[in-house]
Amino acid sequence: MAAEILSAAGHAVTVYEAMPTVARKFLLAGKSGLNLTHSEDYARFRERYGAANARLASALDGLKPEALRDWADALGADTFTGSSGRVFPKAMKGSPLLRAWLRRLSAQGVDIQTRHRWIGFDGKGHRILTPGGEIWVEPQTALFAFGGGSWPKLGSDGSWMAPFAGAGIAIKPFRPANCGFDLPWSPHFTERFSGAPVKAVVATSDAGSVQGEFVIGRSGVEGSLIYAHAAALRDRIETDGSAVLLLDLAPGRDSNRMAADFQRQTGKMSFSNRLRKGAGLDAVKTALVRECVPDCQAMPPEELARTIKKLPLRVIRPRPLEEAISSAGGIAWEELDERYMLKSHPGLFAAGEMIDWEAPTGGYLLTACFATGKAAAEGILQWLAAAEKNQARS
């Protein structure tokens, strides 16, 4: 995004790409539809970035979701809004958009050098490792966009963090975001229900209440509903050692009505049938109640109904960083000015997931990456204009 803006303004731009091909994580995201952004009210949209809301506000204001859709549409990747409010290209994949984008960059003179990995600062320049050996470059200005810590095999492996820290730039350790969580399932539960979806659930944590679905994994839980609570659960685990996600397994059903239905049931009815007829629970939800509350079958009707409405799912740790959809951590915000320039290194800028922010899935991640790239490019244009003016004065 920054290369497009800078080259359109008439500047010579070279992109040094560590991998053999560009945009591998972008293409991975596109395999499931490429969720570019979200159509919800913009005021609500801007609140999705948690602790980084205020810092990202100006960048997001500069590339609102509607503007991002216009950009994609202009590249021929006409977008549509799904039933969840998420926005996708009509092609439901990322490759057509990427091909059109690369054609535009090429037409604007952008030079993309693959298999060129930045390996450190060197005086006023930068060390780049290439297939032919190490080279040294000294651009007029540079933008770093090395990504976060998730999916390292796609190129964002965090190898930049050590040289940045060595240069006195404050770095927050990477932590998994939008991830699954481990919990100690019993062998019987795992064997029977691993891979099973748990649908139509309202989950509540410090992040609030969200309705959706999740999947039972061999070592825990994952899926969109879990990701919506991932930051809150992770932070709670870091302070308390574990975290509880409260599940309403029967949203829309009144607790008192369920208790009355349980009360009317005959003693010969199996527990599974009791929950199916009294609360509408399927096999996996019934097994989940048994797994989380072993003495549930002996509960009186009122307590059983309350348990189904607030089932405690205790998670003990997030899944490893390399499995996460995204990451928290990276360059500390205090290191950057309002133009996304490193305060201690004038003329050097940063954008994207290598900065310490996180967001839920739903188009928020990609939108902020695009938006910070655009904001950093505009910061570079300001810095170059000021540098040119100072040179003319001297």
Q) Are any of the residues in segment 238-245 part of a helix (DSSP H, G or I), surrounded by fewer than 17 Cβ atoms within 10 Å (Cβ to Cβ), assigned by TED's automatic domain parsing to the domain that holds Gln297 and under 20 Å from the mean Cα position of the chain (by Cα)? A) yes
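Quick grid of which residues meet (1) outside any helix (DSSP H, G or I); (2) free of Cβ contacts under 8 Å to residues at least 12 places away in the same chain; (3) under 30 Å from the mean Cα position of the chain (by Cα); (4) outside the structural domain of Tyr364 (by TED's automatic domain parsing):
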position	(1), (2), (3), (4)
Gly278	no, no, no, yes
Lys285	no, no, yes, yes
Glu303	no, yes, no, yes
Pro312	yes, no, yes, yes
Ser327	yes, no, yes, no
His345	yes, no, yes, no
Glu353	no, no, yes, no
Q | Subset of segment 1-37 that is among the β-branched types (Val, Ile, Thr) and surrounded by fewer than 20 Cβ atoms within 10 Å (Cβ to Cβ) - its residue that is farthest from Lys90 (Cα to Cα) | A | Thr14
Q: Could you list, in sequence order, all residues of segment 1-56 that are among the acidic types (Asp, Glu) and either touching a strand residue (DSSP E or B) at 6+ places or on another chain (Cβ under 7 Å) or part of a helix (DSSP H, G or I) (or both)?
A: Glu4, Glu17, Glu47
Q) Out of segment 355-394, which residues are hydroxyl-bearing (Ser, Thr, Tyr) and part of a helix (DSSP H, G or I)? A) Tyr364, Thr367, Thr372
Q: Give the residues of segment 78-106 that are part of a loop (DSSP other than H, G, I, E, B) and over 20 Å from the mean Cα position of the chain (by Cα), sorted by residue number.
A: Asp78, Ser83, Lys90, Ala91
Q) Can you name every residue in segment 182-227 that is among the hydroxyl-bearing types (Ser, Thr, Tyr) and either modelled with pLDDT under 95 or not in a strand (DSSP E or B) (or both)? A) Ser186, Thr190, Ser194, Ser219, Ser224, Tyr227
Q: Just name the residue that is surrounded by the fewest Cβ atoms within 10 Å (Cβ to Cβ) out of those in segment 178-222 that are farther than 30 Å from Gly148 by Cα and free of Cβ contacts under 8 Å to residues at least 12 places away in the same chain.
A: Pro187
(Q) Any residue at all in segment 127-149 that's out of contact with any strand residue (DSSP E or B) (no Cβ under 9 Å at 6 or more places or on another chain), of a type in the set (D, E, K, R) and more than 27 Å from Lys31 (Cα to Cα)? (A) no
Q) Can you pull out the residues in segment 134-149 that are part of a loop (DSSP other than H, G, I, E, B) and either outside the structural domain of Ala350 (by TED's automatic domain parsing) or out of contact with any Phe, Trp or Tyr (no Cβ under 8 Å at 6 or more places or on another chain) (or both)? A) Glu138, Pro139, Gln140, Ala145, Gly147
Q: Please find, within segment 270-302, the residue that is surrounded by the fewest Cβ atoms within 10 Å (Cβ to Cβ) out of those that are within 17 Å of Val221 (Cα to Cα) and of a type in the set (D, E, K, R).
A: Arg290
Q. Applying the selection to segment 303-334, what residues are surrounded by fewer than 23 Cβ atoms within 10 Å (Cβ to Cβ) and over 26 Å from Ala230 (Cα atoms)?
A. Glu303
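The values are calculated or read from the model by the stated rules, or taken from the named source; none is laboratory data. Predicted, not measured: the structure shown is a model, and the values here were computed from it. Here Cβ is always computed from backbone atoms with ideal geometry, including for glycine, and neighbour counts include all displayed protein chains.
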